[in-house]
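The structure appears below as structure tokens.
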Amino acid sequence: MDHFRNPRNMGEMKDADAVGEYGNPTCGDLMYIYIKVKEINGQKIIDDISFQTFGCAAAIASSSMITEIAKGKTLDDAIKITRDDVADALDGLPPIKLHCSNLAADALHVAIKKYRENE
Ligand code: FES
């Protein structure tokens, strides 16, 4: 609930290096994850990350949580963040809401793949 009431890193990032867009086929909700990447000691790090979610409370909380999990991680580590990691970090979600947390992980993966395509 805290991540829904006080979402972290919410909003469009105008100078993002890549944007991941993912729509939820179950409910039609939509999420964007923006990433800014920095190279430190030869490692690509997620230096900044933000999200926009046009969806339910669980989707907003999941996006907020994934931005906190992914920030500062290498791209290699961030792409390994799973849907379950997000749901677990939120102390579990009711089964009917699990597809909402999938949106966040999938949008992040799309953003990282797009960044790599344009490298
Ligand atoms: Fe659509 Fe949760 S009901 S993302």
Worksheet, complete the sentence: Of the listed pairs Lys73/Lys114; Lys38/Lys71; Lys71/Lys97; Lys73/Lys97; Lys14/Lys38, those with alpha carbons more than 19 Å apart are Lys71/Lys97; Lys73/Lys97
Worksheet entry | the chain: angle of helix 57-70 to the longest principal axis, Cα-based, in degrees nearest 10 | 30
Worksheet, complete the sentence: In whole percent, the fraction of accessible protein surface over the stretch 1-98 that belongs to carbon or sulfur atoms, probe radius 1.4 Å, stands at 49
Worksheet entry | Accessible solvent surface per residue of the stretch 1-45, calculated while the other protein chains remain in place, 1.4 angstrom probe, Å² | 64
Discussion item. Calculate the FRET efficiency for Thr74 and Ile96 from the Cβ-Cβ distance with a Förster distance of 35 Å, rounded to the nearest 0.05.
Written reply: 0.55
Practice prompt. State the volume of the convex hull built on the alpha-carbon positions of the chain, expressed per residue in Å³ and rounded to an integer.
Written response: 91
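The values are calculated or read from the model by the stated rules, or taken from the named source; none is laboratory data. Keep in mind it's a predicted model, so treat the numbers as computed, not measured. No Cβ is skipped: glycine too gets one built from the backbone with ideal geometry, and neighbour counts run over all protein chains shown. Areas reflect the complete protein model, heavy atoms only, side chains present, ligands, DNA and RNA absent. Shrake-Rupley method; radii C 1.70, N 1.55, O 1.52, S 1.80 Å.
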